[in-house]
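The values are calculated or read from the model by the stated rules, or taken from the named source; none is laboratory data. Keep in mind that this is a model prediction, so the values were computed, not measured. Heads up, the Cβs are rebuilt from the backbone with ideal geometry, glycines too, and the neighbour counts pull from every protein chain shown. Calculation scope for accessible area: heavy atoms of the full protein, side chains included, ligands and nucleic acids excluded. Shrake-Rupley method; radii C 1.70, N 1.55, O 1.52, S 1.80 Å.
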Amino acid sequence: MTWTRGKFAALAVCLVLAGSASCVPGDGTDGRAPATDRPHPVGKVLEDTAEDGRHYREVDEDAAPEVDIEVQPAGSGEGWEVRLTVEGFTFSPFGTDPVAVAGRGTARLFVDGRPVVELRTPRHRLTADLMPRGTHHVTVRLYADDGTAWAADGEPIESTADITVSEPMSTAGGAVRR
């Protein structure tokens with residue numbers, strides 16, 4: 001029996017004895033995780049896009065993650081401490097597969113509509129030069145690992161804090177949920 005026939009015969013026996021599901025790659029016998037353990041994309045990608053050009057990924061409001069933002073002067077007097085509070089959401093580590101998985105991904109921070117940084121943790125320090133004297137809008141938006149923006153009811157899942165800088169490092173404002 002040649003190698004080709006042997007592999008074909010083994011597949012045929014596998015199909016007869018156990019069904020096709022246990023013989024396909026990803027059944028746990030080829031060194032990969034079973035297919036049921038792999039993340040599956042969720043939600044529906046909409047035609048609408050966020051200001052940064054990324055498509056919205058719509059999920060049911062009941063299953064949608066939540067985020068709130070708080071911005072305070074840094075203890076050192078240099079910059080601003082950003083703290084996020086998330087519910088139903090886990091930050092993905094670097095190297096995560098670019099697949100949308102329910103309640104997982106990154107957050108992007110915007111100051112006055114300009115993208116500043118992609119976050120994989122709930123804390124970040126903004127430098128003081130990003131917010132000179134005046135009122136500024138610091139927004140955080142949640143994204144799936146495939147780059148789509150999480151959305152519910154056609155709106156991005158985000159939170160904005162309005163910060164007023166009158167003198168270096170004095171503030172007014174706080175977390176405002178949009």
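If R0 equals 30 Å, the separation of the Cβ atoms of H137 and K44 corresponds to a calculated FRET efficiency of about 0.60. Take the Cβ atoms of S76 and T164, set R0 to 22 Å, and the FRET efficiency comes out at 0.60. Whole-Hz Karplus values for the stretch 87-101 come out as 10, x, 8, 10, 6, 7, x, 4, x, 5, 4, x, 10, 6, 10 Hz, taken residue by residue from phi with 6.51 cos²θ - 1.76 cosθ + 1.60 and θ = phi - 60°; glycine and proline positions read x. For V117, the residues 5 or more places off, or on other chains, whose built amide H falls under 5 Å of its own are L109.
Residue by residue, the stretch 61-68 carries 3J(HN,Hα) couplings of 4, 5, 9, 6, x, 10, 9, 10 Hz when phi is fed to the Karplus relation 6.51 cos²θ - 1.76 cosθ + 1.60 (θ = phi - 60°); x denotes Gly or Pro. The trypsin sites (Lys or Arg not before Pro) found in the stretch 117-171 that occupy coil by DSSP, while having at most 14 further C-beta atoms within 10 Å, are R120, R133. A 1.4 Å probe run over the stretch 52-108, with the rest of the protein chains in place, finds 52 Å² accessible per residue. Our coupling estimate for the stretch 118-133, obtained by passing each phi through the Karplus curve with A = 6.51, B = -1.76, C = 1.60 and θ = phi - 60°, is 9, 10, 10, 9, x, 10, 7, 10, 8, 6, 4, 5, 6, 9, x, 3 Hz, Gly and Pro reported as x.
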